[in-house]
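Contents: one structure, followed by commentary.
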Amino acid sequence: MNINPDCKILLVLSGKGGVGKSTVSTQEVSAWDFWTSTLWPSIPHMLGIDDKEIYQNESGWDPVYTDDTESLAVMSIGFLLSRSSDSVVWRGPKKNSMIKKFLSDVRWGDRDILVIDTPPGTSDEHISLLECMRASNHLDKSVAVLVTTPQILSVNDVVREFDFCKKTKLRVAGIIENMSGYVCPNCSECTNIFSKGGGQELASKTKSLFLGALPIEPKLAAAADSGKDFIQEFEGSEVASILESIINKIEW
């Protein structure tokens, strides 16, 4: 792996799609101001860099930077697609090869943290990723954050994700319950339109740290759609404070 030997790695996992895993990933890297890699093509748009291109030279690929300070760098399958609407029709071996390229051929530089937004579920991509991390002695410096929604179906899927982490010896840093209630854009009152407490109950059951519950916030969704940093745009808001609290609780 072409990263700092002391680099800490955070994998953001979910048992199913549509639970807000990529939203959580983008807010984490924006708040930390560190470097990120993603296997998911939506991240460039959510960071406002979907018009950028990656460059390759004899020493490898240059990641895409979010601004001129080059404090946050991104690599994504999304940069390799001709159009953002293109589907990724790749068989397992090609996906696994691309994961290895992202970790070994990208010039990540001497940075402290790598956040990896992974596909939902447990698949060949996850196994290949962990094999690379283990081979480079980074697995013991890595943790996972599991994202769920309050519904039983989503929670059950995350139970399987937790079992995957246990079997592969990937430590779970905590569980986030997303879409935990709806924040009214007019009065800011939070209403539980789904069930409540599934993530916290799961954390208790698995003896994991419950990192926090994020309500449905229209402004957060709008920030993701427009590629803006929600925490910076709405500093001091309740949801921004929850996000910051979640980030501060993550430990390696």
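Yes or no, residue by residue, for (1) in contact (Cβ under 8 Å) with a residue 12 or more places away in the chain; (2) touching a Leu at 6+ places or on another chain (Cβ under 8 Å); (3) closer than 17 Å to residue 121 by Cβ; (4) assigned to a helix (DSSP H, G or I):
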residue	(1), (2), (3), (4)
146	yes, yes, yes, no
155	yes, yes, yes, yes
179	yes, yes, no, no
182	yes, no, no, no
188	yes, no, no, no
195	yes, no, no, no
* Residue that is farthest from residue 211 (Cα to Cα) [pool: residues in segment 134-175 that are among the polar types (S, T, N, Q) and surrounded by fewer than 21 Cβ atoms within 10 Å (Cβ to Cβ)] -> 136
* Asked: When segment 93-142 is examined, which residues are found to be among the basic types (Lys, Arg) and more than 25 Å from residue 59 (Cα to Cα)?
  -> 141
* Return yes or no: is residue 129 crowded, with 20+ Cβ neighbours inside 10 Å, within 20 Å of the chain's Cα centre (by Cα), over 30 Å from residue 221 (Cβ atoms) and in contact (Cβ under 8 Å) with a residue 24 or more places away in the chain? => no
* Which members of segment 37-84 meet the condition of being of a type in the set (Ser, Thr, Tyr) and either within 15 Å of the chain's Cα centre (by Cα) or part of a strand (DSSP E or B) (or both)? -> 37, 38, 42, 55, 65, 76
* Can you name every residue in segment 96-114 that is under 17 Å from the mean Cα position of the chain (by Cα) and either surrounded by fewer than 17 Cβ atoms within 10 Å (Cβ to Cβ) or at pLDDT 90 or above (or both)? -> 112
* For segment 60-82, enumerate the residues that are β-branched (Val, Ile, Thr) and more than 16 Å from residue 3 (Cα to Cα). => 66, 69, 77
* Structure fact -> Those residues of segment 222-241 which are under 12 Å from residue 27 (Cβ atoms) and not in a loop (DSSP other than H, G, I, E, B) amount to 223, 224, 230, 231, 232, 233, 239, 240
* When segment 68-77 is examined, which residues are found to be modelled with pLDDT of 85 or more and either hydroxyl-bearing (Ser, Thr, Tyr) or loosely packed, with under 15 Cβ neighbours inside 10 Å (or both)? -> 68, 76
* Could you check residue 190 against (1) at pLDDT 85 or above; (2) more than 27 Å from residue 252 (Cβ to Cβ); (3) surrounded by fewer than 18 Cβ atoms within 10 Å (Cβ to Cβ); (4) not basic (Lys, Arg) and say which number it fails? => (1)
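The values are calculated or read from the model by the stated rules, or taken from the named source; none is laboratory data. Keep in mind it's a predicted model, so treat the numbers as computed, not measured. Neighbour counts are summed over all protein chains in view; Cβ atoms, including those assigned to glycine, are modelled from backbone coordinates with ideal geometry.
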